[in-house]
Amino acid sequence: MATAAQESGEFAAALNLLMKHSSGARMLLPPWVRYLPLPFLIRVRRAVRQLDEVVYRIIRERRESESDKGDLLSMLMSARDEDGSRMTDRQLRDEVMTFLLAGHETTALSLSWAWYLLSENPEAENKLHHELGRVLGGKNPSFEDLPRLCYTEAVVKESMRLYPPAWSLARTAAEDFEIGGYLVPAGSNVVMSQWIMHRDPRFFPSPVQCDPGRWFEEPTQRLPRFAYFPFGGGPRYCVGASFAMMEATLLLAAIAQRFRLRMVPGHKVVPVPSITLRPKYGIKMSMHQIRV
Ligand code: HEM
């Protein structure tokens, strides 16, 4: 049986491959191309199989244990439709996969970009450490500390402003409509980009500058709706938004109070708009322990 470390390594490798092949022009290929025996498609299918194996195993083990752990998987398993039917393994797989991908990849990216921005902005990094020292005084951060970790939260917000893990959203118009003098015919795909809006100087002065302090000032405190939308909006608003903010803020606090992260000299950081906004060559950093 694979260890958790091996398994998470394999899971991450399969996920990396799928994200790599979901970028740019490949997304625009017609659906039938997916069935051709092309080498990159064979690798993609193998990666999906690997992810499926992990997810189906989690479902199988839970069914066998017959225990209600009170978590999301148990809730999904006990949910019933109006006709009394339960979810099939395939439906459970789709739900679990969505939560794994939507929840893990995005939050991990928001933190990766936050570390990158902090290493490039010593003033913001110092303010962060000052807050962590004042609020935590060396103890591990907990849920109760969150209301006082305001600057830490602002670092997460600023990271998602400049490098939104979900960099665009798309919708298909169900009927003709007009917006800003443009007619959008039914059936058109409309793309709304966080990357573009979050860098608009009308809402964010000096937009490319990383300044977590802006979240305590005008005009950022009075943003119009959808000038900043890292978690989307409307009926499809991210169900994990509050959880993700809590998780990212606590993780940033826990790690930053012990370590400073520095870019490895010469390493190039290049954002790639695949399904999520990923750093093409990763973000290579060294960790330096802080004496508390
Ligand atoms: C920084 C972290 C996160 C970001 C930036 C993010 C971003 C988003 C965005 C932009 C959407 C809307 C997609 C659309 O409208 O097409 C979305 C939906 C969703 N997110 Fe998140 N998300 C994050 C964390 C999470 C977490 C932690 C979970 C689960 C625990 C999660 C689960 C979901 C699910 C299930 C949906 C689909 C909701 C629906 O269609 O009704 N997300 N997320």
Legend entry - Filter pass, Glu153 being acidic (Asp, Glu), within 14 Å of the ligand (Cβ to nearest atom) and under 14 Å from Ala248 (Cα atoms): yes
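Go through Val44, Val54 for me and flag whichever is touching a Phe, Trp or Tyr at 6+ places or on another chain (Cβ under 7 Å), surrounded by 12 or more Cβ atoms within 10 Å (Cβ to Cβ) and modelled with pLDDT under 90.
Checking each option against the conditions leaves just Val54.
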Inset, instruction - Select, from Thr152, Thr172, Thr249, the only residue that is out of contact with any Gly (no Cβ under 6 Å at 6 or more places or on another chain) and at pLDDT below 95. - result: Thr172
Inset, instruction - Kindly indicate the residue of the range 237-285 that is of a type in the set (D, E, K, R), touching a strand residue (DSSP E or B) at 6+ places or on another chain (Cβ under 8 Å) and closer than 30 Å to Leu169 by Cα and also surrounded by the fewest Cβ atoms within 10 Å (Cβ to Cβ) among those meeting that condition. - result: Lys280
Inset, instruction - Considering each of Arg161, Arg199, Arg260 in turn, give the residue that is charged (D, E, K, R) and within 12 Å of the ligand (Cβ to nearest atom). - result: Arg161
Legend entry - Where a residue in the range 91-114 is surrounded by 16 or more Cβ atoms within 10 Å (Cβ to Cβ) and its partner, wherever it lies, is among the charged types (D, E, K, R), with Cβ under 7 Å and at least six apart: Arg93/Asp52; Thr107/Glu247; Leu109/Arg278
Inset, instruction - Mind listing whichever residues of the range 158-207 are touching a residue at least 40 places away in the same chain (Cβ under 8 Å), under 17 Å from Val272 (Cα atoms) and not charged (D, E, K, R)? - result: Ser159, Met160, Leu162, Tyr163, Pro164, Pro165, Ala166, Trp167, Ser168, Leu169, Trp195
Inset, instruction - Could you look through the range 217-241, keep only residues that are near the ligand (Cβ under 9 Å from one of its atoms) and in a helix (DSSP H, G or I), and pick out the one that is nearest to the chain's Cα centre (by Cα)? - result: Ala241
Inset, instruction - Would you check if there is a residue in the range 122-145 being within 16 Å of the ligand (Cβ to nearest atom), surrounded by fewer than 20 Cβ atoms within 10 Å (Cβ to Cβ) and not in a loop (DSSP other than H, G, I, E, B)? - result: yes
Inset, instruction - For the range 81-121, enumerate the residues that are in a helix (DSSP H, G or I) and within 16 Å of Cys210 (Cα to Cα). - result: Ser110, Leu111, Ser112, Trp113, Ala114, Trp115, Tyr116, Leu117, Leu118, Ser119, Glu120
Inset, instruction - For the range 150-182, name all the residues that are assigned to a loop (DSSP other than H, G, I, E, B) and within 15 Å of the chain's Cα centre (by Cα). - result: Tyr163, Pro164, Pro165, Ala166, Trp167
Inset, instruction - Only residues in the range 216-233 that are free of Cβ contacts under 8 Å to residues at least 40 places away in the same chain count as the first member; pair them with residues that are of a type in the set (Asp, Glu) and assigned to a loop (DSSP other than H, G, I, E, B), Cβ under 8 angstrom, at least 6 apart or cross-chain, and list the lot. - result: Ala227/Asp200
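The values are calculated or read from the model by the stated rules, or taken from the named source; none is laboratory data. Here the structure is a predicted model, which is why all the values come from computation and not from measurement. As a convention, Cβ positions derive from the backbone with ideal geometry for all residues, glycine included, and neighbour counts pool all protein chains shown.
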